[in-house]
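Mind having a look at this structure? Questions to follow.
The values are calculated or read from the model by the stated rules, or taken from the named source; none is laboratory data. Since we're looking at a predicted model, the values are computed, not measured. Note that each Cβ is placed from the backbone with ideal geometry, even for glycine, and that neighbours are counted across all protein chains shown.
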Amino acid sequence: MVSTVLPRVARLSAVSELTLADLDAVRLLLRGDSVIDWHRLNYADHAEVDRFLRLNEFDPDNDEEMARLEDVRSDAVEYLSRAFAMAIPDEVAADLPARDLFLVASSHGPHQKWACVVLKVMHIIHHINGRGALLTLSVSDEIIFREIELKVMQVVEQLRAAGAPLAEWEWSRKPRDSQITKLLAKRSTIAANIYDKLRFRLIVPTPDDLVPMLATLTRQLIPFNYIVPGESANQLVDLEQVLQGHAEADVPPSENRYNEFSGPEYRIINFVADLPLRVDRLLSRAELPPEDTHVVFMLTEFQIADKATAQRNESGASSHEAYKSRQNERVRMRLFREKDDPLPPD
């Protein structure tokens, strides 16, 4: 079994070191927006594009995987032609390598908008293919969780070795009893809505380390395009201040997501990513099925805070014990509710 190893990059230590592409990724991560609503990319060169492709588990040096990327582009163009009768310019539809569409989408040329349109559909098709492949593999959740954990551990240890500001880090899997309790407490009782079956928690030394760490993660581990929209919570970073002085500084206010059982003083950066995982990490080459993709996806939750905030979160009404107590009380109210009793508030 093999994996694509990302090239080591210098750790980011200050907001001033972030590129426009970094700022785009951090903004989407913190706001929980969707890349489908974007109108432009901000890649400066092929090196940035290749790093993004590797994050999505496409090796730019692998002809077979680049051919698969071309197939996804062809599917996207056919869909747009079939469903919306769009006449995609030849340069975008076929003439340019699919890898170059990221630079066209970052340009001010005549085909910039068309490149964005095709890339958005490619993003969706690749995700559908990966999700579909996951359903066909005879691989247990235990194996998939283990490989995701190993993937994250490998990157985090590389970052620590490079001197990245990381005071603590840990990971956990939500026990089955906790999953049952969570669903009993929520109005939505669909098991698929549990995003934190696998959770990683990273603690940085100071608040100034938060944004550089987020940007580093979007360079080394987490493709910003697979951040789950609407599932981000940001109570620690002032985005307008971060983007001050950049062309993208005009940031409209957004609704922040709060966990209803957290204490009033609890503060965290929380987001969910559908992390890509190569199928050849799960199966030997002889066992690989003839699928349309070499990648599957696994929903993974990340929590990030500075050390002082993390310590405050562990005491009083913000503690995990207090959180569980409020959640358990909600479950008791719902389970023993009489016919005419009002529903417990969300």
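For segment 139-152, does any single residue satisfy the condition of being in a loop (DSSP other than H, G, I, E, B), in contact with a Leu (Cβ under 6 Å, 6 or more places away or on another chain), in contact (Cβ under 8 Å) with a residue 24 or more places away in the chain and not hydroxyl-bearing (Ser, Thr, Tyr)?
To start, the set of residues in segment 139-152 that are in a loop (DSSP other than H, G, I, E, B) comprises 139-140.
Adding the requirement that they be in contact with a Leu (Cβ under 6 Å, 6 or more places away or on another chain) leaves 139.
Restricting the remaining residues to those that are in contact (Cβ under 8 Å) with a residue 24 or more places away in the chain gives 139.
Keeping just the survivors that are not hydroxyl-bearing (Ser, Thr, Tyr) gives 139.
For segment 139-152, residues in a loop (DSSP other than H, G, I, E, B), in contact with a Leu (Cβ under 6 Å, 6 or more places away or on another chain), in contact (Cβ under 8 Å) with a residue 24 or more places away in the chain and not hydroxyl-bearing (Ser, Thr, Tyr): present.
Could you give me the residue pairs with C-beta distances under 8 Å whose first residue belongs to segment 105-122 and is modelled with pLDDT of 95 or more, whose second residue is surrounded by fewer than 21 Cβ atoms within 10 Å (Cβ to Cβ) and among the basic types (Lys, Arg) wherever it lies, and which are 6+ apart or on separate chains?
ALA105/ARG40; SER106/ARG40; GLN112/ARG40; CYS116/ARG40
Right, another one. Take the residues in segment 54-87 that are among the aliphatic types (A, V, I, L, M) and under 15 Å from GLY130 (Cα atoms); name whichever of them is nearest to the chain's Cα centre (by Cα). Full working, then the answer.
Going residue by residue through segment 54-87, those that are among the aliphatic types (A, V, I, L, M) are 55, 66-67, 69, 72, 76-77, 80, 83, 85-87.
Those left that are additionally under 15 Å from GLY130 (Cα atoms): 55, 69, 72.
Numbers: LEU55: 11, LEU69: 20, VAL72: 21 Å.
This residue is LEU55.
Those residues that are crowded, with 19+ Cβ neighbours inside 10 Å and part of a strand (DSSP E or B), I need them from segment 300-311; list them, please. Can you show your working first?
Filtering segment 300-311 down to residues crowded, with 19+ Cβ neighbours inside 10 Å leaves 300-302, 304-306, 309-310.
The answer is THR300, GLU301, PHE302, ILE304, ALA305, ASP306.
Next question, about the same structure. May I ask you to verify whether LEU96 is crowded, with 17+ Cβ neighbours inside 10 Å and under 17 Å from ASN225 (Cβ atoms)? Walk me through it before giving the result.
Details: crowded, with 17+ Cβ neighbours inside 10 Å: yes; under 17 Å from ASN225 (Cβ atoms): no.
Criteria not met by LEU96.
Give me a count of the residues in segment 29-43 that are within 17 Å of SER106 (Cβ to Cβ), touching a Ser or Thr at 6+ places or on another chain (Cβ under 8 Å) and of a type outside the set (Lys, Arg).
Number of matching residues: 3.
Conditions first: (1) in contact with a Leu (Cβ under 8 Å, 6 or more places away or on another chain); (2) surrounded by fewer than 19 Cβ atoms within 10 Å (Cβ to Cβ); (3) farther than 19 Å from PRO60 by Cα. GLY109 passes all but one, so which condition is the exception?
All conditions pass for GLY109, except number (1).
Tell me which helices (runs of 4 or more DSSP H) are completely within segment 1-103 and hold 2 or more residues being modelled with pLDDT of 95 or more and among the aromatic types (Phe, Trp, Tyr), or say none if there are none. Talk me through it step by step, then tell me what you get.
On the way: elements: 20-31, 46-55, 63-84.
Those helices (runs of 4 or more DSSP H) span 63-84.
If we keep just the residues of segment 123-152 that are of a type in the set (Asp, Glu) and either surrounded by fewer than 13 Cβ atoms within 10 Å (Cβ to Cβ) or under 21 Å from PHE58 (Cβ atoms) (or both), which is modelled with the highest pLDDT? Give the steps one after another, and end with the answer.
Let us first name the residues in segment 123-152 that are of a type in the set (Asp, Glu), namely 141-142, 147, 149.
From what's left, either surrounded by fewer than 13 Cβ atoms within 10 Å (Cβ to Cβ) or under 21 Å from PHE58 (Cβ atoms) (or both): 141-142, 147.
Values: ASP141: 84, GLU142: 88, GLU147: 93.
This residue is GLU147.
Another one. Select the helices (runs of 4 or more DSSP H) contained entirely in segment 153-250, then report the ones holding at least 3 residues which are modelled with pLDDT of 90 or more and surrounded by fewer than 21 Cβ atoms within 10 Å (Cβ to Cβ).
On the way: elements: 176-185, 210-220, 239-242.
In segment 153-250, there are no helices (runs of 4 or more DSSP H) which contain 3 or more residues that are modelled with pLDDT of 90 or more and surrounded by fewer than 21 Cβ atoms within 10 Å (Cβ to Cβ).
Of the numbered conditions (1) within 23 Å of the chain's Cα centre (by Cα); (2) within 21 Å of MET298 (Cβ to Cβ), ARG176 fails exactly one; give the number of that condition.
(1)
Looking at (1) touching a helix residue (DSSP H, G or I) at 6+ places or on another chain (Cβ under 8 Å); (2) at pLDDT 70 or above, which one does SER262 not meet, given that it meets all the others?
(2)
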